[in-house]
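Worksheet: one structure, shown below.
The values are calculated or read from the model by the stated rules, or taken from the named source; none is laboratory data. Bear in mind that the values here come from a model prediction, so they are computed numbers and not experimental data. Ideal geometry is used to build each Cβ from the backbone, glycine not excepted, and the neighbour counts take in all protein chains shown.
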Amino acid sequence: MMTSSQIDAISATPVARKSLVKTKENQSTLLYRLMILYRFIVALLGGYVLSSLSAILIAEAFSEDRGSAAMSATIVAFLIWTAAFIWVFMVNKTLKASLGIILPSLILFVIYKLLGN
């Protein structure tokens with residue numbers, strides 16, 4: 001039968017510490033992957049909303065020549081979506097990345113509604 005000091009000695013071995021460190025590494029890896037997934041979703045969906053709203057407003061602003069307005073708005077929308085996607089992963093903080101996509105989208109949506117649409 002083992003005494004309590006022997007059990008304490010066994011639990012303090014490096015193997016037990018390694019398993020604890022391994023668990024913390026797995027948790028931090030999972031959190032990191034979830035953060036990257038969140039940024040990807042923000043970049044994909046938020047960038048799409050931002051570029052779509054900007055395309056709508058550009059097409060409305062230059063509606064005299066509908067063909068040129070639609071083509072120009074589409075090109076600018078692709079540029080904005082690409083820039084938003086890059087920017088979301090470039091920013092250090094996830095909150096800043098989220099707000100940097102959500103706030104301009106809200107502003108563009110308010111402008112769109114104020115124009116009467």
Looking at segment 68-82, which of the residues that are touching a Ser or Thr at 6+ places or on another chain (Cβ under 6 Å) and farther than 19 Å from residue 110 by Cβ is modelled with the lowest pLDDT?
69
Does any residue of segment 85-96 turn out to be among the aliphatic types (A, V, I, L, M) and either surrounded by 13 or more Cβ atoms within 10 Å (Cβ to Cβ) or in contact with a Pro (Cβ under 6 Å, 6 or more places away or on another chain) (or both)?
yes
Would segment 19-37 turn up any residue that is small (Gly, Ala, Ser), part of a helix (DSSP H, G or I) and at pLDDT 90 or above?
no
Condition set farther than 21 Å from residue 108 by Cβ and part of a helix (DSSP H, G or I), scope segment 40-67, selection modelled with the highest pLDDT: answer is 40
Taking only segment 71-84 into account, find how many residues are surrounded by fewer than 15 Cβ atoms within 10 Å (Cβ to Cβ), among the hydrophobic types (A, V, I, L, M, F, W, C) and within 17 Å of residue 45 (Cα to Cα).
3
Among the candidates 44, 53, 37, 31, residue that is surrounded by fewer than 17 Cβ atoms within 10 Å (Cβ to Cβ), in contact (Cβ under 8 Å) with a residue 12 or more places away in the chain and hydrophobic (A, V, I, L, M, F, W, C)
44
Flag for residue 68 being out of contact with any Pro (no Cβ under 9 Å at 6 or more places or on another chain) and exposed (fewer than 14 other Cβ atoms within 10 Å of the Cβ)
yes
Enumerate the pairs (first residue in segment 88-113 and in a helix (DSSP H, G or I); second residue anywhere and basic (Lys, Arg)) with beta-carbon separation below 9 Å, excluding pairs fewer than 6 apart on the same chain, so at least 6 apart or on different chains.
88/39; 89/39; 94/39; 97/39; 98/39
Checked against (1) surrounded by 14 or more Cβ atoms within 10 Å (Cβ to Cβ); (2) over 18 Å from the mean Cα position of the chain (by Cα), residue 102 satisfies every condition except (2)
